[in-house]
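In what follows, a structure is listed as structure tokens, so that the remarks can point back to it.
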Ligand SMILES: [Zn+2]
């Protein structure tokens, strides 16, 4: 295994990021954390008006420049309605199967600044009351789920008195854990694992004095899960954009949790063929475990940038993530392989 990438740094940073709630639309704390990490490496940063982050690693030539993009925003919920029983009805932030959050702990950021904990449950949850068939049906639809707040409330009035309002953000407990076999289990590895690999690559280059062949940008977007993260903010001099986002792992996929996935095509169409071939050649030359793959139901911030009119070659890579948009898992090897390919791409 390569010693180029500092595994301890990557793992610690990823865990800190995973434990920082950042449902799409409420990402300031996570953006601030990543900003601090880039600044610690000596990279200059600035924010876009939308609140995304751009860090710059200067190179000898300012054009044509290269850029990477990853996203810190995650799936989550927003309070849609305070129910008569005092519990909360949610509207989804991003796309997921409602059943994948049933039983999950959550965190409610109330309008008055107070933080409450709770649990996502089916409105008909107790098997001692409701027939099993009703439970099965309910798990398929978000309107049949509710948040049980860890506070004494049995009415909408009492919940309102706590300071909880419609529009408050709700995030899931990530339950992030690194196993002694090197797996990382957590929610929101999409795309915090990708962002961690970008920082790991930047750190490797700074520490080893590897100057990029051209000025390089690290763009951290904050609205990917709703489709418009990297639609603005990539500098005009960028000729090649590499989106770093989770690789799909599962039935019918070539990718796995130990490799970097290189995406040939997703729902938004094929990525740039010449850039994809360059990435495959770089991975082969450097002995980086990689898999070329196609994703059936997927779009990335690279797609968002292209749709918005970015005039650049765009490709997509990322660590393989199992059970995406649910309780996910990847492996430290997948992070290292992704970070190494980023270094090869920039140097
Ligand atoms: Zn993603």
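The values are calculated or read from the model by the stated rules, or taken from the named source; none is laboratory data. The structure displayed is predicted, hence computed values, not measured ones. Methodologically, a virtual Cβ is constructed for each residue, glycine included, from the backbone with ideal geometry; neighbour enumeration extends over all protein chains shown.
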Subject >> Matching residues in the range 47-100 - criterion: being free of Cβ contacts under 8 Å to residues at least 24 places away in the same chain and out of contact with any strand residue (DSSP E or B) (no Cβ under 9 Å at 6 or more places or on another chain) >> reply: 49
**OP:** Pick out, from the range 221-313, the strands (runs of 3 or more DSSP E) lying fully within it that include 3 or more residues that are closer than 25 Å to residue 28 by Cα.
**Re:** 238-244
Original post:
With respect to residue 227, is the statement that it is within 16 Å of the ligand (Cβ to nearest atom), closer than 18 Å to residue 309 by Cα and in the same structural domain as residue 66 (by TED's automatic domain parsing) true?
Top reply: yes
**OP:** Answer yes if at least one residue in the range 152-173 is within 16 Å of the ligand (Cβ to nearest atom), in contact with a helix residue (DSSP H, G or I) (Cβ under 9 Å, 6 or more places away or on another chain) and at pLDDT 95 or above, and no otherwise.
**Re:** yes
Original post:
How many residues are out of contact with any strand residue (DSSP E or B) (no Cβ under 7 Å at 6 or more places or on another chain) and either within 16 Å of the ligand (Cβ to nearest atom) or under 19 Å from residue 317 (Cβ atoms) (or both) when one looks only at the range 175-204?
Top reply: 7
Original post:
Does any residue of the range 198-213 turn out to be free of Cβ contacts under 8 Å to residues at least 40 places away in the same chain and outside any helix (DSSP H, G or I)?
Top reply: yes
Original post:
Does the range 315-326 include one or more residues that are part of a helix (DSSP H, G or I), under 16 Å from the mean Cα position of the chain (by Cα) and surrounded by 22 or more Cβ atoms within 10 Å (Cβ to Cβ)?
Top reply: no
Subject >> strands (runs of 3 or more DSSP E) enclosed by the range 1-97 - at least 1 residues per element that are under 19 Å from residue 231 (Cβ atoms) >> reply: 44-47, 53-57, 65-71, 88-93
**OP:** Output the residues belonging to the range 294-314 that are more than 12 Å from the ligand (Cβ to nearest atom) and surrounded by 24 or more Cβ atoms within 10 Å (Cβ to Cβ).
**Re:** 305, 314
